[in-house]
1. Given 0.36 nm per residue, what is the gain on full extension from Ser192 to Ser291 after removing their alpha carbon distance, in nm?
2. Along Cα→Cβ, 7 Å out, is where each label goes; now give me the distance between the ones at Arg331 and Leu276 in nm to one decimal.
3. For the cross-link pairs Lys71/Lys169; Lys149/Lys282; Lys64/Lys282; Lys64/Lys184; Lys7/Lys184; Lys71/Lys184, which exceed 31 Å when the distance is taken from alpha carbon to alpha carbon?
4. Could you rank the peptides 335-341, 89-95, 26-32, 56-62 by their average count of other C-beta atoms within 10 Å per residue, with the highest value first?
5. Fully extended, how many nm does the chain gain between Arg95 and Lys184 (0.36 nm per residue separation, minus their Cα-Cα distance)?
6. Taking 60 Å as R0, compute the FRET efficiency from the Cβ-Cβ separation of Asp152 and Thr252 and round it to 0.05.
7. Using a Förster distance of 30 angstrom, determine the FRET efficiency expected from the C-beta separation of Ser47 and Asn264, and round it to 0.05.
Amino acid sequence: MNEMHEKSDAQLLRDYADRGNEAAFREIVMRHTDLVYSAALRRVNSSDLAGDIAQSVFTDLSRKARPLADKLADNASLVGWLYRSTRFAALSQLRPHRRRFAHERQAMEQLLTNSETAPGWDRIRPLLDEAMDNLGDEDRDALLLRYFKNHDFRAVGLALGVSDDAAQKRVSRAVERLREFFAKRGVTVGASGLVVVISANAVQAAPVGLAVTISTAAALAGTTIAASTATITALKLMSTATLKPIIVASATIAASIVIVVQHNRADRLREQNESLQAQVQKAETASAKLSERLQTLARVQENDPRQAELLRLRGEATRLRGLEAELAKLREESLRQQEQSRAASAAEAAPRNVDHSRPAGTAAHNAGMNENQPVVPGPRSVRRGRHLPGGFLVGQPFQIFLGP
C-alpha cells in the first residue's frame, strides 16, 4: 500500500491500463474523490447529483485509461483532467435547467456586487468555478495542485514537468488572473486572502463510502470493456472461418453487456428524472395551496363587515391620538401662561421706592412746577389684562399720580 502512495497518478493509471491492477485504480479514486465531488457540488448544489457526477467521471477515466496513460508523462497528475471532466459532466446534467441556473447565478452576482461585507467563502464560492474555467490549462492545473490539493511548489513542478521557480511563477500568475476576475464581478480581495479562502474551503470531504462505491463501479465497467477488447484481439489471431460461431457468440455477449450497462444507466437517469419531477410537482402544489390561501384571506377581508369596522376603529384611534397630542400641547401652553402671570403678579406686589419727603399737592411742590408744564403722570402699576381703546386695561387695577 505504501508503494501505491508513492506512485504518481500517471504511473497508477498505467498499471491499471496495462495489467488491470484494480488496487492502482482504487488509489487514484481515493486521492481525488474529494476534489471531484466538491467541484461537482459547487456546480449542481445537490449532494446526490454530485455523487452521480463523480461516479460518471471516474467511470469515464477507467474507459479511457489506455489512451490517456499513453499521453501522460511519468510524473504527471490527473487533477486537471478530472476537473475538466467534472465540468463537462455537470454541464450535461444541468443542460435541461440551464436557463434557471443562469438566472440564479446572475442574481447571486448582483447580490455580491451590492454587498459590502468582507470577502469570504460565501462570496467566492458561486464564482470560483467560472473563474477557473477562464484560466488556461497550465495555469488551472498549477492552481489546482497548489491550493486545491495543497502540494508544495516542488511537487507542483514535478507534476507539471517544470522547475520549482517556474511552478511558483505559474501559480502566482494564475492567482492574479483569478483575483482580477473576482474584482470585475465586484468581489475585492487580495491575492493572499484569496488563496487562504480557497485552500481552506475549495475541497471538502465526500460522503463516507462514496470512494469505495465509485472505484468498484468504475473498475467493473473498465473490466467489462477491457474483456471485450481482449476477446476481439484474440479472435483476430485465429482463423475467421474456423471461429465464426465463436465470433458471433462473443459479439452477441459484448452487445448484451453494452445493452445491460446502458439499460442500468438509463434506469438510473429515469429515477433521477422522476425524483426531480416529483420535487417540482411538490413545489408547484405547495405554491398553489399558498396562493389559494392568500386569495381566500383576501376575500374574507373584503366580505367581512367586522373588517370594515376594524378599519374604522383604527382610523378613529389614530384621530384620537392626534387630539390627545394637541391637548397635551394646550396644557403645556396653559401652564406656561400661568407661570408668567404669577411672575408678573409677584413683580407688581413688590414695594416701590417713592419720595415722601415732599408730599404731592403742597405749595412747595406746586411752586416747582410751571403753569404751562404738562402734567406728567406719576408711577403707575398695571397688571396684565385685556386692552380697550385708549390704552386702558379691563379687569386689572392701576394707579396714576397727577399734580393739583
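Values in this text are rule-based calculations from the coordinates and carry no lab data. Please read these numbers as outputs of a predicted model, since none were measured by experiment. Here the Cβ is made from the backbone with ideal geometry for all residues, glycine too, and neighbour counts use every protein chain on show.
1. Difference between extended and current length: 30.7 nm.
2. For Arg331 paired with Leu276, the spin-label model returns 7.0 nm.
3. Lys149/Lys282; Lys64/Lys282; Lys64/Lys184; Lys7/Lys184; Lys71/Lys184
4. Ranking the peptides 335-341, 89-95, 26-32, 56-62 by packing returns 56-62, 26-32, 89-95, 335-341.
5. The Arg95-Lys184 span can extend by a further 29.4 nm.
6. In this case the efficiency is close to 0.65.
7. The computed FRET efficiency comes out at 0.90.
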